[in-house]
Each structure stands twice: as C-alpha cells, then as structure tokens.
1. Let me check something: with ligands and nucleic acids excluded, how do K242, K67, K76 order by accessible area (1.4 Å probe), largest to smallest?
2. So, R0 is 25 Å and r is the distance between the beta-carbons of A116 and K64; what FRET efficiency does that work out to, to 0.05?
3. Seen from all sides and averaged, what is the projected area of the convex hull of the Cα atoms in the range 103-225, in nm²?
4. Could you tell me which of the pairs K76/K187; K67/K184; K195/K242; K184/K222; K69/K117; K92/K184 are separated by over 24 angstrom between their Cα atoms in the structure shown?
5. Please report, for the Cα atoms of the range 202-242, the Rg to one decimal and the Dmax as a whole number; what are they, in angstrom?
Amino acid sequence: MDLLSKETCFDKVKTTFCKVLLPVVFMFLKDVGYEKAVHSLSNGNSGTSKFAWDNFDKCESAYKWAKEKPGERHLKFHALVWGSRYPNFLCKKKNPGITVELTKKYITEWFDAVAAKFPDLEYIDMVNEAIWAGDNYHSGYGKPAAGAEGHSTDDTECGGSYIIEALGGDRVVNDKHQYDFITKAFKMAREHWPKAVLIYNNYNTLSWQINEGIELIQTIVKNGPPVDAYGQQAHDCKGMSKSDFESKMWTTSPS
C-alpha cells in the first residue's frame, strides 16, 4: 500500500500534506508486531511515542529501515516537543530543583542528542498537542491535560514543567495565545535539520477543534518560524465517512 499515492490521499489534497498525515494512522498499531506490520504494509512510519525524549535512543530500527531505500521509504520522528512525554527530571513535583534555565539547557541538549543520532531526518513532528483549549493545553506542558476523549496519558504526579517558559513563553494578545514557545522550537529545529519537513501535530482538529487548530497554525506562521506542514492525528477519524474526511482535510490543508 503506497501511502503517498494520489489514490490514497484524494486528488484534491496536496502531496506534502498526504506524506505527513497518513503515516500517522500506523502510530496506533501497538501490538508486538508493530514495526513488522508497518514495514511490510507501507512506505511510511511515524515513530510513535517510542521516539519520545525518554526512549528515543532505543529506536534505530525504523530509521535504518527508511535509510535502506531513500526516496521510497519515509520516517517521521514523533515528537521533539510534547507536553505528555518528557523525563522526570523536568517535572516540578518530582524534581523541586528544576528551573526555567535548567529546562532550557536540557531542551537544547535533547535537540543536540537527536540530531547527533538522526542527522538527516526527513519529517519531524516538531511540536505536539499544544493548542490552548480554554483552561489548559492539549497535553500537559504545565499541568496534566484531559487528553483525547478524556483519556490522558499525562503523569499526574509530575506537576508540570517549565518547557513553555524555557522556550520563550506564550504571550496572550487580545485574548489570543501567540504560542511563542512553538515559534522558538521550530527555529531551533531548523538549525539542526536544514532540509527536514517540520510539522506541527495535534489531535481533535478534524472533528472538534478545527478552528482552534487553524488559528494556531496561522498564528505561528505569522510569527515567522519554518512551519512546513500541519499534521492531523487519526483519533478524529473514528466513525468518519470518506466524504466527511475529505471535506475536513480540504478545509484544514494549506491553501
């Protein structure tokens, strides 16, 4: 199955958008045969939370698989900045000595470590699940978030982090979040991966928070970082018809 073909991605949806979006479907195959299934059935692999901060150095097989046939196989790193997955030493409650400056230092070291191990990544979910949803972000940057359909993967004993503050904060102008921390993260990533497709990724943005997702993308693009694509997670696709899916992809795809 060629995930990058027009037949799979609908004729109206742009090729780059399809490359970024559709491999995400495979991040939900969590059984023992995950990698084998992905590698035998597709030409795209989203690295799931296996590539998260506390686990990324154990996940070379997908990277090597894509490198075996460059241009034919595609790997998407998931994810560099994510409020649901970061080490315990960044947790305010578990590490009372953590500060904004230390967090900034550790984030820089994290980017450096990933770039050293995977210097030529093709696609990167740069920032994951950072939409402001009224009283919190989609994932637990500052405090545990509700999660998709109320199912949170955040550590309730963590106490949140200083990730947002370390990356420049999040100004609110006329009641609108400016997502400065996302801007900073994208700029840092471009310095490490000049040729990679850098992606903002989120859930609930095909069904429930379409406008909030579009507004975030418009805001960070206006701020000037190198945002190459907008990734949509497959949580939203449950029970969705093909025509509805196509319509919503068309609504949220780049003009």
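The values are calculated or read from the model by the stated rules, or taken from the named source; none is laboratory data. Values in this document were obtained by computation on a predicted structure and should not be read as measured data. A quick note on method: Cβ atoms are made from the backbone with ideal geometry, for glycine too, and the neighbour counts reach across all protein chains shown. Ligands, DNA and RNA are excluded from the accessible area calculation, which covers all protein heavy atoms including side chains. Shrake-Rupley method; radii C 1.70, N 1.55, O 1.52, S 1.80 Å.
1. The ordering from most to least exposed comes out as K242, K67, K76.
2. Details: r = 16 Å, r/R0 = 0.63.
Between A116 and K64 the formula returns 0.95.
3. Answer in nm², one decimal: 8.0.
4. Violating the 24 Å Cα-Cα cut-off are K67/K184; K195/K242.
5. Expressed in Å, the Cα Rg and Dmax of the range 202-242 come to 11.7, 36.
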